[in-house]
Amino acid sequence: MLSQPNITVTPFEREDIPALAEIEREEFSIPFKEKDFEDLYNTSYSYVLVARQGEAVVGYVSFNIIIDECSIINFATKNEFKRQGVGKKLMDTLISHCKGCGVRKVFLEVRVSNAPAIALYEKYGFEGVGISKNHFSAPREDAILMNLEF
């Protein structure tokens, strides 16, 4: 893994929405649209942390926090920045944010075939707690349900 020491992570701004939608189109078969990010921007319990190299948006994590639980919605890095520490920087910032908000449990669903993501989550202590059959579509695939408790 190469390291990108000049990666910064900040809460997203409305002007980040086109770049986030571009990453979605690159990474997901059924991507969020700009309107979906507008909805997240306007919701009090939804958050998006954006990884930047300089001014360029290179990754993000979107999530909801309700009471003391965090649900990760999407976690993505631009293709040319994969395996360069962007996901680690996002996860470090997410966990710090969650702890600061009193979150006690983080959960997510990940495609069973997404070995790099599963390895990242396990590195942070997430544990598989179940399988959701046919959770994802395009292509249809099961999801591993993963939890992290503080």
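Tabulated values for the structure
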| quantity | calculated |
| --- | --- |
| Any chance residue 137 is hydroxyl-bearing (Ser, Thr, Tyr) and farther than 27 Å from residue 19 by Cα | no |
| Index of the failed condition, residue 10 passing every other in (1) under 11 Å from residue 60 (Cβ atoms); (2) at pLDDT 95 or above; (3) within 14 Å of the chain's Cα centre (by Cα); (4) crowded, with 16+ Cβ neighbours inside 10 Å | (4) |
| Residue that is surrounded by the most Cβ atoms within 10 Å (Cβ to Cβ) [pool: residues in region 43-96 that are of a type in the set (D, E, K, R) and part of a strand (DSSP E or B)] | 52 |
| Some residue of region 110-123 being at pLDDT 95 or above, of a type in the set (A, V, I, L, M), part of a loop (DSSP other than H, G, I, E, B) and closer than 21 Å to residue 87 by Cβ | yes |
| Residue 30 vs. criteria surrounded by fewer than 16 Cβ atoms within 10 Å (Cβ to Cβ), over 30 Å from residue 140 (Cα atoms) and of a type in the set (Val, Ile, Thr) | no |
| Region 124-139: number of residues that are more than 19 Å from residue 86 (Cβ to Cβ), at pLDDT 95 or above and assigned to a loop (DSSP other than H, G, I, E, B) | 1 |
| Verdict on residue 16 being touching a Gly at 6+ places or on another chain (Cβ under 6 Å), modelled with pLDDT of 95 or more and not polar (S, T, N, Q) | no |
| The listed residue being farther than 23 Å from residue 23 by Cβ and without any contact (Cβ under 8 Å) to a residue 60 or more places away in the chain, out of 104, 111 | 104 |
| Qualifying positions in region 71-85 - of a type in the set (A, V, I, L, M, F, W, C) and more than 11 Å from the chain's Cα centre (by Cα) | 81 |
| Filtered residue count, region 97-127, keeping only those that are surrounded by fewer than 17 Cβ atoms within 10 Å (Cβ to Cβ) and either polar (S, T, N, Q) or closer than 22 Å to residue 27 by Cβ (or both) | 11 |
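The values are calculated or read from the model by the stated rules, or taken from the named source; none is laboratory data. No experiment lies behind these values; they were computed from the predicted model shown. Cβ coordinates were reconstructed from backbone atoms using ideal geometry, including for glycine residues, and neighbour counts include every protein chain displayed.
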